Amino acid sequence: MNVLVSTRTYDDLPRIAKWCARHKVSRLLFLKFKLTENNRTCGAMVLSREQERGLLPILRRLARSSGVLPMLDCSFFPALAVDRPRKRDLERFDVNGCQGAGAYLAVTVDGMVKPCSFWPEPLGGLELLTREAWVHADAFRAFRAASQSAQCRGCRYRDLCRGGCRVGGIPCCHPEDDQRVAVPGGDSATAPALR
């Protein structure tokens, strides 16, 4: 089950996990509320940095108390990695960086393809998408390559993080110096169209 985590749902996460356990829902994917063009007036729903950083202990408690496997979407990765958790904890809760244009694609209701459901601009129509285009098209390659920033090269989380979330300039972490840096490629204008 997917749960949108915002300031409105944050305190209810334990109750939601208990509900899932009672109804035999085995996995619970927490999706970070992100501001988009469609919800710009909902800024009060954005989690604070402290709330984001507090999610890993909450995940541990939920897993122990409910038996439900909690998972986090890619945009939570930076806040969690700043505190240098054990890599196996991140792996256990399926905390990964962006897998857009690699492990998955999004298709809009009108048949347009995007590398991620949160990515603002489609890269082309579904009719143009083939396995070859998915793997080799410049648009998808550029999206995946955004994770190759110089700041990430020596990071112990690089294989999990993949450079952080590409949407809206959500920063990736740089655990070596505890800084957050902008991810290259966050501007949709830099992604070429699928042809």
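Treating only the Cβ atoms of Lys and Arg (+1) and Asp and Glu (-1) as charged, compute the dipole magnitude of the stretch 1-121 about its Cα centre; round to the nearest 20 debye.
So the magnitude is around 640 debye.
Please list the non-local residues whose amide H lies under 5 Å from the amide H of GLY125, H modeled 1.01 Å from N, same-chain partners needing a gap of 5 or more.
Residues meeting the amide H criterion: VAL113.
What does the charge count near ARG144 come to, summing +1 for each Lys or Arg and -1 for each Asp or Glu among other residues with Cβ under 13 Å from its Cβ?
Every neighbour counted, the sum reads +2.
Name the GluC sites (Glu not before Pro) in the stretch 13-62 that are in a loop by DSSP and that have at most 11 other C-beta atoms within 10 Å, would you?
GLU37
Pop out the ³J(HN,Hα) list for the stretch 39-54 in order, Karplus 6.51 cos²θ - 1.76 cosθ + 1.60 with θ = phi - 60°, rounded to Hz; leave Gly and Pro as x.
Result, ordered by residue: 10, 3, 7, 9, x, 5, 8, 6, 5, 6, 4, 5, 4, 4, 5, x Hz.
Rounded, prolate or oblate for the stretch 1-118? Axes are the square roots of the Cα gyration tensor eigenvalues, ordered a ≥ b ≥ c, and the cut-off for rounded is a/c under 1.5.
Rounded, since a/c falls under 1.5.
Taking amide H positions as placed 1.01 Å from N in the peptide plane, with prolines and chain starts having none, which residues 5 or more places from GLY164, or on another chain, fall under 5 Å of its amide H?
CYS98
Rounded to whole Hz and in sequence order, give me ³J(HN,Hα) for the stretch 106-120 from the Karplus expression 6.51 cos²θ - 1.76 cosθ + 1.60, θ = phi - 60°, writing x for Gly and Pro.
10, 10, 6, 5, 9, x, 8, 9, 10, x, 7, 5, 8, 5, x
What are the ³J(HN,Hα) values, in whole Hz, obtained from phi via the Karplus relation 6.51 cos²θ - 1.76 cosθ + 1.60 with θ = phi - 60°, for each residue of the stretch 17-32 in sequence order, with x given for Gly and Pro?
5, 5, 4, 4, 4, 4, 9, 6, 8, 8, 10, 10, 9, 8, 9, 6
Around LEU69, which amide H atoms from residues at least 5 apart in sequence, or from another chain, sit under 5 Å from its own amide H, with H modelled in the peptide plane?
Close amide H contacts, sequence-distant or interchain: ARG27, LEU28.
Just in the stretch 81-171: which trypsin sites (Lys or Arg not before Pro) are loop by DSSP and have at most 12 other Cβ atoms within 10 Å?
Passing sites in the stretch 81-171 are ARG86, ARG153, ARG156.
Read-outs throughout are calculated quantities, based only on the coordinates presented, and are distinct from any laboratory measurement. None of these values were measured; they are calculated from a predicted model. Methodologically, a virtual Cβ is constructed for each residue, glycine included, from the backbone with ideal geometry; neighbour enumeration extends over all protein chains shown.
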